[in-house]
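Presented below is the structure to which this report refers.
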Amino acid sequence: MTDTNFSVTELNQLRCHLLLVDDEEEITKSLFRQFRKSCDVFIAHNAEQALQILNNQEIHVILCDQRLPNLTGTQFLSSIKESYPHIVLLLLTGYPDINVLIEGINGSHIYRYLPKPWDINEVNHAVQQAFEKYRLHLTNALLLKELAQANQELEERVRNRTRQVESLNAALQERTLQAEYNARGKALFLDNVS
């Protein structure tokens, strides 16, 4: 869900909602400690838990492990992309495989791939960039909505002004005809008097 009922100021103050999806509890604990001060962090240990969280929370960024129970991270991320198209997706894996990367980037629209073991600064930077991408998407949607409203208001003002101009033009044409009629009548009168 993308909510454009924010103001630009509110968007700038928005706090990141990060969903961590990894079946290894120690990894989710470590990542939770890393992000708890800068993000509202939600944890899922499998795809089913992640879907429950997605259905109940506004999530901005997902950091998902490639190896999950019953499916891969890219399969999970692909399965949610249609329902949650604006969530920014990050893939974390200790098993780099070029085919996985291609599948993830092309099929799941993964924003960034991060290797395990991870560099803490790289992961922090990736989550910050992902959230900024999400925030920019919301800002663009908000600005487009405001532009559409402004265009609608402008079109209404143009229609109103056009009606006013047409009304004034009709009145002017009527007065012009009346003046021409009066001028002809006066000319006839003066011709008859002389």
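The values are calculated or read from the model by the stated rules, or taken from the named source; none is laboratory data. Keep in mind it's a predicted model, so treat the numbers as computed, not measured. Positions of Cβ are backbone-derived with ideal geometry, glycine not excepted, and every protein chain shown enters the neighbour counts. All accessible areas refer to the heavy atoms of the entire protein, side chains included, with ligands and DNA or RNA removed. Shrake-Rupley method; radii C 1.70, N 1.55, O 1.52, S 1.80 Å.
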Could you please tell me which pairs satisfy a Cβ distance under 6 Å, a separation of 6+ or placement on different chains, a first residue in the range 28-48 that is hydroxyl-bearing (Ser, Thr, Tyr), and a second residue that is open to solvent by 50 Å² or more (accessible area, probe 1.4 Å)? Thr28/Ile43
Take the residues in the range 9-27 that are among the charged types (D, E, K, R) and in contact (Cβ under 8 Å) with a residue 40 or more places away in the chain; name whichever of them is nearest to Phe76 (Cα to Cα). Asp22
Checking Leu90 against (1) open to solvent by less than 10 Å² (accessible area, probe 1.4 Å); (2) at pLDDT below 90, the condition it does not meet: (2)
Of the conditions (1) at pLDDT 90 or above; (2) open to solvent by 80 Å² or more (accessible area, probe 1.4 Å), Ile105 satisfies every one except a single condition; which number is it? (1)
Residue in the range 21-57 that is least open to solvent (accessible area, probe 1.4 Å), counting only those that are more than 25 Å from the chain's Cα centre (by Cα) and hydroxyl-bearing (Ser, Thr, Tyr): Thr28
Could you pull out the residue among Ala141, Ala130 that is of a type in the set (Gly, Ala, Ser), closer than 24 Å to Ile59 by Cβ, surrounded by 12 or more Cβ atoms within 10 Å (Cβ to Cβ) and at pLDDT 90 or above? Ala130
